[in-house]
1. Among 209-215, 55-61, how do they line up from the highest to the lowest mean number of other beta-carbon atoms within 10 Å?
2. Subtracting the Cα-Cα distance from 0.36 nm times the residue separation, let me have the gained length for Phe255 to Arg125 in nm, one decimal.
3. Tell me, what ³J(HN,Hα) does each residue in the range 472-480 have, in order and in whole Hz, if you take phi through Karplus 6.51 cos²θ - 1.76 cosθ + 1.60 with θ = phi - 60° and put x for Gly and Pro?
4. What size of dipole, in debye to the nearest 20, comes out for the chain about its Cα centre when the only charges are +1 on Lys and Arg C-beta atoms and -1 on Asp and Glu C-beta atoms?
5. Write down the Å³ per residue value for the convex hull defined by the alpha carbon atoms of the range 171-304.
6. If you count only protein heavy atoms with a 1.4 Å probe, what accessible area per residue comes out for the range 343-437, rounded to a whole Å²?
7. Under a point spin-label approximation (7 Å from Cα along Cα-to-Cβ), what is the Gln352-Ala118 distance to one decimal in nm?
8. How large is the Kirkwood hydrodynamic radius of the range 359-475, in angstrom, based on all distinct alpha carbon pairs?
Amino acid sequence: MSIQEILKLLGGVALLIYGIKNMGDALQDLAGDNLRRLISSLTRTPIEGVAVGALVTVIIQSSSATTVIVVSFVHVGLMSLAQGFSVIMGANMGTTITAQLIAFNIQKYAIVAAVVGAFLSVAGRTRRHKQLGSGLVGFALLFVGMAMMQDAMSFLRGRTDLFLLVNDHPLAGLLVGAAVTMLVQASSATVGLTMVMASQGLLSLPSAVAIIMGDNIGTTITAVLASLGGNRSAKQAAAAHVMFNVFGAVIMMFFLGPFSDLVRLTSPDVARQIANAHSLFNVLNTLIFLPFIKPYTKLIKRLIPDRDTGVQIDRDARYLDRNLIEVSPAAGVNAVRQEMVRLGWIAHGMLQDCRKVLIGGELKMIPETLLIEKTINELTHDIVGYATELGQKRLSADLSLLLNSCISGVGDIERIGDHAENLIEMVQLITEKKRSFSNKALVECEEMFGLVTQALEKSLRALESEDIALAQEAMALEPKIDQMEHLLRARHIERLNTGKCHPVAGVVFIDILSNLERVGDHAHNVAYIVRDIERIHKKERSKKQ
């Protein structure tokens, strides 16, 4: 094999991998916010999990990327191990679509897809046209890469003696498939290469099927690497993926002959037979494991027991997994939203503590409450840094809008923490001056606190569930908060004028009202993010009509 032929083979593999990635990126962009919502939806049943895993993998054209997302979600507690495993099974099924595409002998049409795609990418008037063009170019590169590999390996036609080890010993094929996939980090490339060799007559069908079995084992390395920096829940998810693929491959190796005979019946074309073997194996493996998800995940937890709760302390970001930035920016944007909601609940808790300090007189809570404000500042810094890095990736217009809205919302929540800190400092001031509020003033404070915390709670719940009706309820409270602030301010000024309140306490009371009113403004801004999300949803719905 000459250097030129080796380079041509490597070039073909590279084009195949690049085409898959390019097509996946374009599909992610076209899916836009729909993909974020699909990934973020926690699956209620195993069948739903399998469906979501398959669909996400078809969209992003990478089962490895889907499993990294699952490992990340299990790590942060967004998915249980059972939910994550069901998605992983779906990902194994979804990745077989690429092999089915490759098996279509449509190289002659690839040039048409490339020309149309290049034209749309360069001359397209809208972002969606350019995304579609990029996807078509990626689709064309799949077949260009396959053609290059076939040409590079054509000189081996008839030299089956070079592949005697693999043909005579299927276990060797299993190991080769696993090793090659671990090396190139793309299972579809291994499948494509196997198709080429089988089409050239270099591999028997059972040997090719054995390589495909090894390919399924090799693709698990990505999840293992992603879990190394995670907690034990993440390692459990990775182990579930590895053992699922290993068990399935080992079981199938015992029935390699009958399985190969079954696959031969599906098509006269050897490339299509291999693609069908890939699909059939993963479907059968999923059907075998599907009824046993609970006992299987219990086994995984027994092998890798829970030694920690998987819950981070408040000072650490819980949802900002850096793996998501690379494998799925849509999931990364959703992680920012999740972390922002969590930050909001921390600020809500701080506000409740301020209420206890001010109205309940629980002064011993002051140091702990001020420490929460530092936590809010640290988390704000982490979220903004993560979002900034995420924003440098190629995001759809909808995801960019949502990301920018979340960054603004994080700023609003951070300001709520600042206002809560101001409230504590005011309590400290009036305590130092040995002054106190009248019972009437404390009752009015309680009313104001109640309305403001209600607004913030509704805003956070609306953002958590993307509920526009609840967001509108929260926004409707903002003018009521303003009216209450004006009314209570006027009453207190009247008390000051009649000497019923000490001037120092009076000034502090007015400052308290002012800070609470501003908290209401920021709660309104947080609820407004849900309006941005609803606009995105409406746009997506109008495109479907």
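1. Details: 209-215: 29.1, 55-61: 24.4.
Those peptides, ordered most packed to least, come out 209-215, 55-61.
2. On the way: separation 130, 0.36 × 130 = 46.80 nm, distance 5.40 nm.
Extending this stretch completely gives an extra 41.4 nm.
3. Listing the rounded values in order: 5, 4, 5, 5, 5, 7, 4, x, 5 Hz.
4. On the way: 52 positive and 50 negative charges, 181 e Å.
It comes to approximately 880 debye.
5. Details: hull volume 13.1 nm³, N = 134.
Taking the convex hull of the Cα positions in the range 171-304, it is 98 Å³ per residue.
6. Working: 4210 Å² over 95 residues.
Each residue of the range 343-437 exposes 44 Å² on average to a 1.4 Å probe.
7. My value for the distance between the label points is 6.2 nm.
8. Details: mean 1/r = 0.0592 Å⁻¹.
Kirkwood radius, the range 359-475: 16.9 Å.
The values are calculated or read from the model by the stated rules, or taken from the named source; none is laboratory data. Since this is a predicted model, take the numbers as computed values, not measurements. In this analysis, Cβ positions are derived from the backbone assuming ideal geometry, glycine residues included, and neighbour counts consider all displayed protein chains. Side chains are part of the model used for accessible areas, which takes the heavy atoms of the whole protein and leaves out ligands, DNA and RNA. Shrake-Rupley method; radii C 1.70, N 1.55, O 1.52, S 1.80 Å.
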